Amino acid sequence: MAEGERQAPPDSSEETPAATQNFIIPKKEIHTVPDMGKWKRSQAYADYIGFILTLNEGVKGKKLTFEYSVSEAIEKLVALLNTLDRWIDETPPVDQPSRFGNKAFRTWYAKLDQEAENLVATVVPTHLAAAVPEVAVYLKESVGNSTRIDYGTGHEAAFAAFLCCLCKIGVLRVDDQIAIVFKVFNRYLEVMRKLQKTYRMEPAGSQGVWGLDDFQFLPFIWGSSQLIDHPYLEPRHFVDEKAVNENHKDFMFLECILFITEMKTGPFAEHSNQLWNISAVPTWSKVNQGLIRMYKAECLEKFPVIQHFKFGSLLPIHPVSLC
């Protein structure tokens, strides 16, 4: 690959050089249902979905144990997530009458709120320091809501937006694609699962058995891409306990299934009806395409999710520029 190609962020064409860009604190722009049209026409939407699909292509047919390059930026992001994990250990749940939504989460979140810019500054080089306050907003939005003590796909989208912004300013590169999913996003999932379990977080906007999953969506997309053209694992196998136990360390999709079966009781077809239906799809390629369509329809085109999304200079609300 030519040197120039390798320098480009994975999701977009030429950007304004980050060091000369005017960074701004991202804010909400989608206030009413009719505003959703602005979102779907926006540069932010095009860049966000482009980023998701680029990573989807990058991990196709690859196991989590696949050998890939790990840059310094990736290592620093993992260290950042390790810090969040350590803070959970330092902030045990408190005794309270209510079983769900442990208030200790608010203490944990207050620490992140206070330290987010310092954490992001450890990942972003000094000459890009001006970008830190903008990028840090997405990190703060990615761990759940401290008032409601809930977590859902909108928070997950904020973490993907955080990674997308790091690509746009050149901190993450094309060479980092696989590591973004397998190392950074996978570590993020581990930390989120620990948060969900430790503080008994509520699912944000859960559709119950009719939703894909209470908390996540992206690992099912990227995880199904990993399994495309697998020599023997087919969609029907992910409801087979033995197949999941033997292969979950290699595939993000099966890791998600394992977490669901640990957290929920009763027949799989009852507590996870959508996933049960997906297990009848003949190929992983069809599962992957269907999940991308479903993600757009159920997450990215739903006002209750997108009303919380924030727009800045890196993920702007203005319409896609056609030049």
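The values are calculated or read from the model by the stated rules, or taken from the named source; none is laboratory data. Since this is a predicted model, take the numbers as computed values, not measurements. Every residue, glycine among them, receives a Cβ derived from its backbone with ideal geometry; neighbour counts consider all protein chains shown. For the accessible areas, the whole protein counts, side chains as well, though only heavy atoms, and no ligand, DNA or RNA atoms are used. Shrake-Rupley method; radii C 1.70, N 1.55, O 1.52, S 1.80 Å.
Which of the following residues is in contact (Cβ under 8 Å) with a residue 40 or more places away in the chain, under 30 Å from Val320 (Cα atoms) and open to solvent by 40 Å² or more (accessible area, probe 1.4 Å): Leu53, Leu77?
Leu53
Can you report the number of residues in segment 274-305 which are more than 26 Å from Pro34 (Cα to Cα), touching a residue at least 60 places away in the same chain (Cβ under 8 Å) and either open to solvent by 40 Å² or more (accessible area, probe 1.4 Å) or aromatic (Phe, Trp, Tyr) (or both)?
Of the residues in segment 274-305, 2 are more than 26 Å from Pro34 (Cα to Cα), touching a residue at least 60 places away in the same chain (Cβ under 8 Å) and either open to solvent by 40 Å² or more (accessible area, probe 1.4 Å) or aromatic (Phe, Trp, Tyr) (or both).
Could you please give the count of residues in segment 279-323 that are acidic (Asp, Glu) and either in contact with a Cys (Cβ under 9 Å, 6 or more places away or on another chain) or part of a loop (DSSP other than H, G, I, E, B) (or both)?
Here the count works out to 1.
Listed residues Gln216, Gln196; which is at pLDDT 90 or above, within 21 Å of Ile292 (Cα to Cα) and crowded, with 19+ Cβ neighbours inside 10 Å?
When all the criteria are applied, what remains is Gln216.
Give just the number: which of (1) within 22 Å of Ile228 (Cα to Cα); (2) in contact with an Asp or Glu (Cβ under 7 Å, 6 or more places away or on another chain); (3) not basic (Lys, Arg) does Ser285 not satisfy?
All conditions are met except number (2).
Those residues that are over 17 Å from Ser69 (Cβ atoms), outside any helix (DSSP H, G or I) and aliphatic (A, V, I, L, M), I need them from segment 155-214; list them, please.
Ile169, Met201, Ala204, Leu212 - these are the residues of segment 155-214 that are over 17 Å from Ser69 (Cβ atoms), outside any helix (DSSP H, G or I) and aliphatic (A, V, I, L, M).
Listed residues Glu202, Glu190, Glu241, Glu234; which is out of contact with any helix residue (DSSP H, G or I) (no Cβ under 8 Å at 6 or more places or on another chain) and not hydrophobic (A, V, I, L, M, F, W, C)?
Glu202
Restricting to segment 32-42, name every residue that is open to solvent by 30 Å² or more (accessible area, probe 1.4 Å) and either at pLDDT below 50 or under 23 Å from the mean Cα position of the chain (by Cα) (or both).
Once the filter is applied, which keeps residues that are open to solvent by 30 Å² or more (accessible area, probe 1.4 Å) and either at pLDDT below 50 or under 23 Å from the mean Cα position of the chain (by Cα) (or both), segment 32-42 yields Lys38, Lys40, Arg41.
Working carefully through the options Val123, Val70, Val59, find the one that is under 21 Å from the mean Cα position of the chain (by Cα), of a type in the set (A, V, I, L, M) and closer than 27 Å to Val305 by Cα.
Selected residue: Val59, the only one of Val123, Val70, Val59 that is under 21 Å from the mean Cα position of the chain (by Cα), of a type in the set (A, V, I, L, M) and closer than 27 Å to Val305 by Cα.
Go through the residues of segment 132-153 one by one and say whether even a single one is farther than 16 Å from Ala110 by Cα, outside any loop (DSSP other than H, G, I, E, B), modelled with pLDDT of 95 or more and of a type in the set (Gly, Ala, Ser).
Looking through segment 132-153, none of the residues is farther than 16 Å from Ala110 by Cα, outside any loop (DSSP other than H, G, I, E, B), modelled with pLDDT of 95 or more and of a type in the set (Gly, Ala, Ser).
Among (1) basic (Lys, Arg); (2) modelled with pLDDT of 95 or more; (3) more than 19 Å from Glu75 (Cα to Cα), which single condition is Arg99 missing?
Only one criterion is unmet by Arg99, namely (2).
Out of Ala269, Ala204, Ala243, Ala280, which single residue is over 21 Å from Thr54 (Cα atoms) and in contact with a strand residue (DSSP E or B) (Cβ under 6 Å, 6 or more places away or on another chain)?
Only one candidate qualifies: Ala204.
Can you confirm whether Leu112 is assigned to a helix (DSSP H, G or I), within 17 Å of Met201 (Cβ to Cβ) and open to solvent by less than 40 Å² (accessible area, probe 1.4 Å)?
Criteria met by Leu112.
Which one is surrounded by the fewest Cβ atoms within 10 Å (Cβ to Cβ) among residues in segment 230-272 that are closer than 19 Å to Phe182 by Cα and touching a residue at least 40 places away in the same chain (Cβ under 8 Å)?
Checking each candidate, the answer is Lys249.
Would you call Lys103 surrounded by fewer than 19 Cβ atoms within 10 Å (Cβ to Cβ) and farther than 29 Å from Lys168 by Cα?
yes
Determine, yes or no, whether Ala179 is open to solvent by 30 Å² or more (accessible area, probe 1.4 Å) and in contact with a Phe, Trp or Tyr (Cβ under 6 Å, 6 or more places away or on another chain).
no
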